[in-house]
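Participant: Here it is, the structure in full.
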Amino acid sequence: MRDLLIVGIFVVFISQAFSRPYVGAYLWAWFAFMNPQRLSWGFAYSLPFSQIIALVTFLSLFISRERKQNVWSAQTVILLLLVIWICITTIFAANPEGAQKELTRYLKIQVFIFITIAVITDKEKLKNLIWVIVLSIGFFSVKGGLFTILTGGSFRVWGPDDSFISGNNEMALAMLITLPLMYYLYLQENKIWIKRALLVSTFLTTAAVLGSQSRGAFLGILCIGVFFWWKSPNKFGPTLIIAAVALLIVLFMPQSWWDRMNTVESYEEDESAMQRINAWTFAWNVANDRFFGGGANMHTRAMYAIYAPNPNWVYDMHSIYFQILGNQGWVGFSLFMLLGISTWLRCAWIVRHSRGDPDKRWATDLGLMLQVSLIGYAAAGAFLSLAYFDYPYYLIAMSVIAGKLIQQPNDGMAPRQMNKRTDRTTK
């Protein structure tokens with residue numbers, strides 16, 4: 001039954017993607033974040049959905065008359081340079097097969113990031129893209145939040161199988177990044193029942209993040225909470241939310257959760273923390289010794305024997321920063337950091353150029369919430385190997401799209417919305 005449902009929904013939307021390439025972008029995001037085929041147990045599990053989406057979207061780009069916009073900005077130029085650099089470092093990779101596999105996946109992601117920027121040409125399409133991502137992650141986070149509350153936080157929340165976010169820590173980061181986008185949709189929504197559903201979803205997603213028992217995600221929650229409170233003109237709402245989260249922790253989280261969080265301070269007594277430090281030192285040594293870095297998936301026993309303080313602890317980098325540093329060397333690390341900083345500045349520019357304009361209030365809200373999501377990724381990502389994950393690149397794409405839309409004479413409105421405004425003006 002699940003297989004038929006997934007295939008049925010897919011057929012409905014892929015047929016629309018032939019004439020509307022932005023529908024292909026929505027579908028790609030849906031399968032990237034939710035992996036709905038992994039929820040089935042039959043023939044749909046291994047169907048080549050992504051390949052079909054890619055083929056149809058490429059065809060649609062050429063045959064559709066839908067408007068496409070210029071993809072170039074400071075962020076996309078830096079991103080392209082990073083992609084080119086990763087292609088170069090793959091040639092010199094310590095683990096050629098593993099690096100090539102990661103490069104193939106990374107290139108697929110980046111191609112659709114550029115396609116998404118090109119085909120999301122008004123604020124309604126952008127809002128719909130955010131809905132697709134929020135619903136995809138929200139499916140797991142709402143379910144996980146209920147599970148956490150009903151079980152008293154005694155068990156961890158996991159992500160979809162065979163995906164970037166299958167692990168509890170990785171899923172926690174994805175949910176953490178989604179929280180600000182949920183709040184953005186709440187701010188844009190007029191229907192009371194949808195606003196209430198989003199509020200409940202935000203609460204349950206927070207519970208799911210805590211229920212993942214991820215120390216990195218807990219640090220991320222603290223960071224976005226402080227930033228959110230600091231940036232809010234009215235401190236009452238954020239204070240209420242922070243108090244609710246604190247109450248949730250006190251009432252529902254078991255002793256095992258507290259014990260795990262306390263290891264952040266006593267890291268020298270925690271073996272997993274020492275393994276991380278060993279991996280970080282390994283990445284640092286590789287970057288200093290090899291100009292092109294070690295390439296993706298370089299964490300082999302042979303490489304650890306050369307560069308790690310303890311060669312017996314062979315793990316991945318457990319940090320977006322050390323992952324990029326070790327994999328791509330100092331050049332790749334510099335491009336990665338420059339990409340993050342430029343995206344932050346782009347969001348600040350969006351807020352500065354839209355604040356005070358009622359027609360651009362959506363952009364002000366989005367710029368701020370994207371900054372909150374970036375903080376969550378930067379903080380929680382310090383303990384996770386998710387430098388190649390789709391999500392941060394979608395945040396970059398959203399910032400590029402929003403920046404382009406607020407510079408348009410019609411404020412990023414779809415043609416139908418523009419006609420309605422014209423009708424009201426003439427009346």
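Participant: Mind counting the residues in the range 146-199 that are of a type outside the set (A, V, I, L, M, F, W, C) and more than 22 Å from A29 (Cα to Cα)?
Facilitator: 10
Participant: With the condition kept exactly as written, say whether any residue in the range 319-328 is more than 24 Å from the chain's Cα centre (by Cα) and touching a residue at least 60 places away in the same chain (Cβ under 8 Å). I'd like the intermediate steps shown before the answer.
Facilitator: Filtering the range 319-328 down to residues more than 24 Å from the chain's Cα centre (by Cα) leaves none.
So far as the range 319-328 goes, no, none of its residues is more than 24 Å from the chain's Cα centre (by Cα) and touching a residue at least 60 places away in the same chain (Cβ under 8 Å).
Participant: Right, next: Tell me, which residue of the range 29-45 that is assigned to a helix (DSSP H, G or I), touching an Asp or Glu at 6+ places or on another chain (Cβ under 9 Å) and among the aromatic types (F, W, Y) is surrounded by the fewest Cβ atoms within 10 Å (Cβ to Cβ)?
Facilitator: Per the stated criteria, the residue is F43.
Participant: Something else: Is it the case that S373 is modelled with pLDDT of 95 or more and either surrounded by fewer than 22 Cβ atoms within 10 Å (Cβ to Cβ) or not assigned by TED's automatic domain parsing to the domain that holds V77 (or both)?
Facilitator: Criteria not met by S373.
Participant: For the range 334-355, does any single residue satisfy the condition of being crowded, with 21+ Cβ neighbours inside 10 Å, farther than 30 Å from R276 by Cβ and modelled with pLDDT under 95?
Facilitator: Yes: the range 334-355 contains one or more residues that are crowded, with 21+ Cβ neighbours inside 10 Å, farther than 30 Å from R276 by Cβ and modelled with pLDDT under 95.
Participant: While we're here: For the range 297-318, what are the residues that are farther than 17 Å from E97 by Cβ and in contact with a Gly (Cβ under 7 Å, 6 or more places away or on another chain)?
Facilitator: M317
Participant: Continuing with the same structure: Only one of these is over 15 Å from the mean Cα position of the chain (by Cα) and not assigned by TED's automatic domain parsing to the domain that holds L39: I130, I115, I177, I109. Name it.
Facilitator: Unique residue meeting the criteria: I115.
Participant: While we're looking at this one, here's another question. Which one is surrounded by the most Cβ atoms within 10 Å (Cβ to Cβ), of the residues in the range 271-318 that are free of Cβ contacts under 8 Å to residues at least 60 places away in the same chain and polar (S, T, N, Q)?
Facilitator: Among those residues, the one meeting the criterion is N278.
Participant: So S60 passes all but one of these: (1) of a type outside the set (A, V, I, L, M, F, W, C); (2) surrounded by 16 or more Cβ atoms within 10 Å (Cβ to Cβ); (3) in the same structural domain as K360 (by TED's automatic domain parsing). Which condition number does it fail?
Facilitator: With (1) of a type outside the set (A, V, I, L, M, F, W, C); (2) surrounded by 16 or more Cβ atoms within 10 Å (Cβ to Cβ); (3) in the same structural domain as K360 (by TED's automatic domain parsing) applied to S60, the lone miss is (3).
Participant: Among (1) without any contact (Cβ under 8 Å) to a residue 40 or more places away in the chain; (2) part of a loop (DSSP other than H, G, I, E, B); (3) not assigned by TED's automatic domain parsing to the domain that holds K127, there is one condition G356 misses while meeting the rest; what is its number?
Facilitator: Exception for G356: condition (3).
The values are calculated or read from the model by the stated rules, or taken from the named source; none is laboratory data. All values derive from a computational prediction rather than experimental measurement. In this analysis, Cβ positions are derived from the backbone assuming ideal geometry, glycine residues included, and neighbour counts consider all displayed protein chains.
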